[in-house]
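Quick one: the structure is below, and I'll ask about it shortly.
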Amino acid sequence: MTVRPLPRSRLDALVPSLVTGQALVALVPATGDLKWAAGAAWDVARAAALSNRRIALVDLWLEQPMLHETVGLTPTEGIVDAFEYDVSLTKAAHEIDRVFFIAAGTVTAHAGDLFANPRWKKLHGGFRVEDALLLLYLSAGALARLSAVPDGLIVLSPDGYEPESSIGQGITAVMERGVPLLGVVRDRWTPAAAPVPDRRAVAPPPGRISASVPRPPYKLSRPVVVAATLAAGAAGSWALLARGAEQRRAPVPAPTAVAPVRARPVAAAPAPPRVDSLAWTVQLAAYARLDKALALADRLAADGVTPFVTPIALDDRRGSTVWYRVLAGAFPTRDSAVAARTGLWKHGLAARGQGDVLRAPYSLSLSDRAPTVRTLRAHGIPAVPWGTGSRLLAGAFETPEQASLFEARLKRAGVQATLVTRIKTTP
């Protein structure tokens, strides 16, 4: 069998025509170098986007997800959250180099059920109706369990693969389902002639993005996602919503323009790590009126959940609009925050699928001379008791800059406050 080689340096010229007419293509690593394979998968996706079609890349390597690391994204909600927790893919999608990327998401013990879910067939049909392309990064074994049959298969291996190997046999089994092998992404057209040179001199380092499809020199942040149907169609009502604007990080940190439903994280130097740091929280809502935010916070507090009502400035052409975000709880890990969100759903404190898991480690610690919670609230300053003493915290912020609006309000009220990271104990 003759396999078409797809050198990484030529993907921009080869891939667009190769995937023309395809709606679902599987990207299957056939190498132990998963960093290399992840970089090659991104090269394929970027090259496919040159055809001006909508391209979505989904990380289904659930045992060791790595695609988000290749482009510098932090762990985020992804495909597992969409299938198991009904989280909207609008919230999970990131637009990077014209590719809509969906990470693996939360750790799951039901990977087999996810691959066998009939939604893949509906999604496949929706992408075909929209003339879009869905790229799935997964193992040959996972592909064999996928409910949908892809239109094509691209193997990722720097030196090609042997059909007699265990991975090669898995790929052959997939092809026997009627999936055509479109080609093998590799470092070169053909194997190097003898004598074999030092591999380090000819092969890219793991995760390298090819020169033909360059990786931007900056770390991309999560875009503010605007709902726009990418794949609905007659094949099913489960649509992928993913359209956003790519955002570059400013060279000097500045106050961030934050959307009312989910804020755009801005890089900032983290506080020194603490073993009992409680950096994660769940954003349930954002309101233009403080009284509505406080009403939801009261319902959370009555059920034993610590609410953080946080004013955020949203800059627009009319000036600056303030939204009040309602954040539930403080958790040491993302997984514990996801579990807490499930508890909120079960107790009816939030609709199923509602709630964004955020890393917002900063809060304002009020001085010992601060008024009581009731007095502060009467002045429009929501605060919550924290720790074993009379300490009060106000707000939960993703970056120090984000706290500037709340800090200014406290100063006008004559209350001194210090920006801290939340911990279980009082320092």
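Could you tell me the calculated FRET efficiency between Gln416 and Asp303, based on Cβ-Cβ distance and R0 = 25 angstrom, to the nearest 0.05? Before the final figure, lay out the partial values.
On the way: r = 32 Å, r/R0 = 1.26.
Efficiency at R0 = 25 Å is approximately 0.20.
Give the ranking of Tyr137, Tyr85 by solvent-accessible surface, highest area first, calculated with a 1.4 Å probe.
Working: Tyr137 5, Tyr85 45 Å².
Result of the area sort, largest leading: Tyr85, Tyr137.
A follow-up question, please. Ignoring any ligand, DNA or RNA, what whole percent of the accessible area of region 1-149 comes from carbon and sulfur when the probe is 1.4 angstrom? Can you show the working numbers first?
Working: 2510 of 4970 Å².
Carbon and sulfur: 50 percent of the exposed surface of region 1-149.
So who's got an amide H within less than 5 Å of the one on Gly160, skipping anything under 5 residues away but keeping other chains? H placed 1.01 Å off N, in plane.
Asp187
Another question, if that's okay. Mind jotting down the three principal axis lengths of region 1-106 based on Cα atoms? Whole angstrom, largest first.
42, 32, 26
Now, a different point. Taking 0.36 nm per residue of sequence separation and subtracting the Cα-Cα distance, how much length would be gained by fully extending the chain between His379 and Gln64, in nm to one decimal?
Values: separation 315, 0.36 × 315 = 113.40 nm, distance 4.91 nm.
Length gained between His379 and Gln64: 108.5 nm.
Now for a different question. With every protein chain in place, what's the accessible area of Met66 (1.4 Å probe, Å², nearest 10)?
Here the accessible area works out near 20 Å².
Once you have the Kirkwood Rh of region 28-78 from its Cα pairs, apply Stokes-Einstein at 20 °C and 1.002 mPa s and quote D in µm²/s. Provide the component values of the computation, followed by the final result.
On the way: Rh = 11.8 Å.
Taking Rh from Cα pairs, D becomes 181 µm²/s.
For region 39-191, what mean projected area does the convex hull of the alpha carbons give, in nm²? Kindly include the intermediate steps, with their values, before the conclusion.
On the way: hull surface 37.1 nm².
With the hull built on Cα positions only, its mean projection is 9.3 nm².
Project the alpha carbons of region 342-408 onto their principal axes and report the range along each, largest first, in whole Å.
40, 26, 24
How much area per residue is accessible in region 1-113 when the probe is 1.4 Å and only protein heavy atoms are counted (Å²)? Working shown, then result.
On the way: 3700 Å² over 113 residues.
Normalised by residue count, the accessible surface of region 1-113 is 33 Å².
The values are calculated or read from the model by the stated rules, or taken from the named source; none is laboratory data. Just so we're clear, the structure is a prediction, and the values are computed from it rather than from any experiment. As a convention, Cβ positions derive from the backbone with ideal geometry for all residues, glycine included, and neighbour counts pool all protein chains shown. Accessible surface is based on the protein model in full, side chains and every heavy atom, while ligands, DNA and RNA are left aside. Shrake-Rupley method; radii C 1.70, N 1.55, O 1.52, S 1.80 Å.
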